[in-house]
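These notes are about the structure you will find just below.
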């Protein structure tokens, strides 16, 4: 889970700002139930009167009140009023703090005067903290105001408008805070997604073939898309919900306590019930979350294989078989997601039952207290609102508890890639290879074993490839030809021995300068989306159109390019799907030629060419690359007949080395290959 939260560290200042906005939002939201309580208790029940001192009082009412006060109390009370018309006394201007003070000072005599007026007897020792007692004092103030001729409806409306205006103001502030939080959270989430994709892409680009094979392409695609999306969404939810839940819960607990409703035990029972339910669901669904991403990987792998090999599938009539294979992977993911979704969805009705159950329980318990006169309706309403806020905050935490495990797994999968370092890196103090370096390649007793393999793929490979000459490598399928040439640009590193270029060990020079000196044409020609010209310029992005045309002419590609309506500006679709295999190979060769490297490596790059094109291409290459070292991997003997040096591989070892005529005399492996491909007449003419 730490891998999930570490993504928020670069945004800690923004997260702190979001937290401050959430505290403000929580404070405003917590005031709304209080205003609702005031509207009901003060605005409706008490006719907008908040204090026991009436705004105006007749001399008659003042005289009655004197009977329940000491001389000192009455003198203090009398000093708070000034005479007006028609024997009415008007209260001087007092602030809220003063009014609260006099509520405490005069509550008992005011209440006793009111009780006497309605014929009710109060005990000698009354509880001045009792809300019912305060309500009686306020009722006395209302009666006095009414007797003094004040407009009670105006007083009530003034209070209602004031309270309603504050509620509206709080709602607007909440809206502003919520908008700001949503904006910042979305920005952070998008930033995390962008940064993770960038880091993941850069790290994968540095991987050697061993790391790529270890993760598999389909899994890397899932991690770069689905997994990052999970992390991005969850980080946004953390800022919007996980930080907000503690704020709203803390304020709600404070407000629940301040209501003095004495029903806190109901909230505690509700919270414990929610936690038990979430814990149970968490234990049930967690194992499924852990395997969900693996199932997504499997589905992507099957989909990729089927889409890539659709022509082969159709050619062999295997549509139904592949549909069943896809359906199996799809159903496995479907069943897993269905279980998880059902588990998550089941939480909602249970929580609704708990929330409404708590509301009924609170109402039932509060009704008795209201009937006894120790609780007001508005207080009950506020208590229910605050209780639901507490429950809702735990609901948000519970929702995050469901999303966090999957996002945690996704983050771990992402950081598994990010924490994997390429086994092929520049050593400390690596030198730069100059582009005009002597292109002599020397294999000195080189052996190679794939990671986790038990035996060598190549053993004791020893030969020299010189500039201006062509070194060909031939052998049966699986004998290690492609592996051998992959060691030169350090797609893999040798297990023992060493490879030098111009006398320098390839492990002692920088990867960039090493690969800049090599024009590599892979076994499978790979083209990228863009124009033909752009694909050729991959070898030299500063090349002019004339240089592009010259490279295409050398690669025997200019003929089909000129036949296209837009010539070098013709679009190449993804993967080169709109060109043939031979055209793709020729464009890949042109891409290497335009680079003008010291070393050319052709990995069976002429296999899709017809004999005429093959001959013309090799003749053109010989003219344009007279000073370069050329290494050609070939399956056809006809392609390498005139090579200055032919290396024959057999089960990872050199079975023969020399020219064609020399090998025909000294190497039985080569002789068998040549006789299987060439007629006696061709062999004699070649010899």
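The values are calculated or read from the model by the stated rules, or taken from the named source; none is laboratory data. Remember, predicted model here, so these are calculated numbers, not experimental data. Quick reminder, even Gly has a Cβ in these numbers, built from the backbone with ideal geometry, and neighbours come from all protein chains shown.
Applying the condition of being out of contact with any strand residue (DSSP E or B) (no Cβ under 7 Å at 6 or more places or on another chain) and over 24 Å from residue 637 (Cβ atoms) to segment 447-472 and asking which residue is surrounded by the most Cβ atoms within 10 Å (Cβ to Cβ) yields 449. If the condition is being surrounded by 15 or more Cβ atoms within 10 Å (Cβ to Cβ) and over 23 Å from residue 401 (Cα atoms), then segment 327-364 contributes 329, 330, 332, 359, 361, 362.
Assess whether residue 444 counts as being surrounded by fewer than 22 Cβ atoms within 10 Å (Cβ to Cβ), out of contact with any strand residue (DSSP E or B) (no Cβ under 8 Å at 6 or more places or on another chain) and farther than 19 Å from residue 595 by Cβ. When the stated conditions are applied, residue 444 does not pass them. The set of residues in segment 561-590 that are part of a helix (DSSP H, G or I) and surrounded by fewer than 17 Cβ atoms within 10 Å (Cβ to Cβ) comprises 562, 567, 569, 574, 575, 581. Among the residues of segment 655-670, is there at least one that is assigned to a loop (DSSP other than H, G, I, E, B) and under 24 Å from residue 616 (Cα atoms)? So far as segment 655-670 goes, yes, one or more of its residues are assigned to a loop (DSSP other than H, G, I, E, B) and under 24 Å from residue 616 (Cα atoms). Just one residue in the set 296, 340 is in a helix (DSSP H, G or I), over 30 Å from residue 388 (Cβ atoms) and touching a helix residue (DSSP H, G or I) at 6+ places or on another chain (Cβ under 9 Å); that residue is 296. The listed residues are 50, 82, and the only one of them that is under 17 Å from residue 155 (Cα atoms) and not in a helix (DSSP H, G or I) turns out to be 50. Of everything in segment 517-533 that is under 36 Å from the mean Cα position of the chain (by Cα) and assigned to a strand (DSSP E or B), the residue that is nearest to residue 583 (Cα to Cα) is 531. Residues of segment 53-72 that are surrounded by fewer than 18 Cβ atoms within 10 Å (Cβ to Cβ) and part of a helix (DSSP H, G or I): 59, 60, 63, 64, 66, 71, 72.
Every residue, every condition in (1) in contact with a helix residue (DSSP H, G or I) (Cβ under 7 Å, 6 or more places away or on another chain); (2) under 24 Å from residue 607 (Cβ atoms); (3) assigned by TED's automatic domain parsing to the domain that holds residue 646, yes or no:
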position	(1), (2), (3)
460	no, no, yes
465	no, yes, yes
469	no, yes, yes
474	yes, yes, yes
498	no, no, yes
505	no, no, yes
510	no, no, yes
529	yes, no, no
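The condition (being over 19 Å from residue 502 (Cβ atoms), modelled with pLDDT under 85, outside any helix (DSSP H, G or I) and under 34 Å from the mean Cα position of the chain (by Cα)) is satisfied by just one residue among 397, 424: 424. Looking only at segment 188-219, which residues are crowded, with 21+ Cβ neighbours inside 10 Å and either modelled with pLDDT under 80 or over 12 Å from the mean Cα position of the chain (by Cα) (or both)? If the condition is that a residue be crowded, with 21+ Cβ neighbours inside 10 Å and either modelled with pLDDT under 80 or over 12 Å from the mean Cα position of the chain (by Cα) (or both), then 219 is the only one that fits.
Among residues of segment 495-526 being modelled with pLDDT under 90 and at positive phi, the one that is surrounded by the most Cβ atoms within 10 Å (Cβ to Cβ) is 502.
Only one entry in 289, 326 is touching a residue at least 24 places away in the same chain (Cβ under 8 Å), more than 22 Å from residue 193 (Cα to Cα), within 29 Å of the chain's Cα centre (by Cα) and assigned to a helix (DSSP H, G or I), namely 326.
Meeting the requirement of 2 or more residues that are more than 39 Å from the chain's Cα centre (by Cα) and without any contact (Cβ under 8 Å) to a residue 60 or more places away in the chain, the strands (runs of 3 or more DSSP E) wholly within segment 432-516 are 441-448, 496-501.
Yes/no matrix, rows are residues, columns are (1) modelled with pLDDT of 85 or more; (2) surrounded by fewer than 16 Cβ atoms within 10 Å (Cβ to Cβ); (3) touching a helix residue (DSSP H, G or I) at 6+ places or on another chain (Cβ under 7 Å):
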| residue | (1), (2), (3) |
| --- | --- |
| 93 | yes, yes, no |
| 99 | yes, yes, no |
| 119 | no, yes, no |
| 125 | no, yes, no |
| 128 | no, yes, yes |
| 139 | yes, no, yes |
| 161 | yes, yes, no |
| 168 | yes, yes, no |
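Against the test of being part of a helix (DSSP H, G or I) and within 30 Å of residue 307 (Cα to Cα), the options 201, 183, 177 yield a single qualifying residue, 201.
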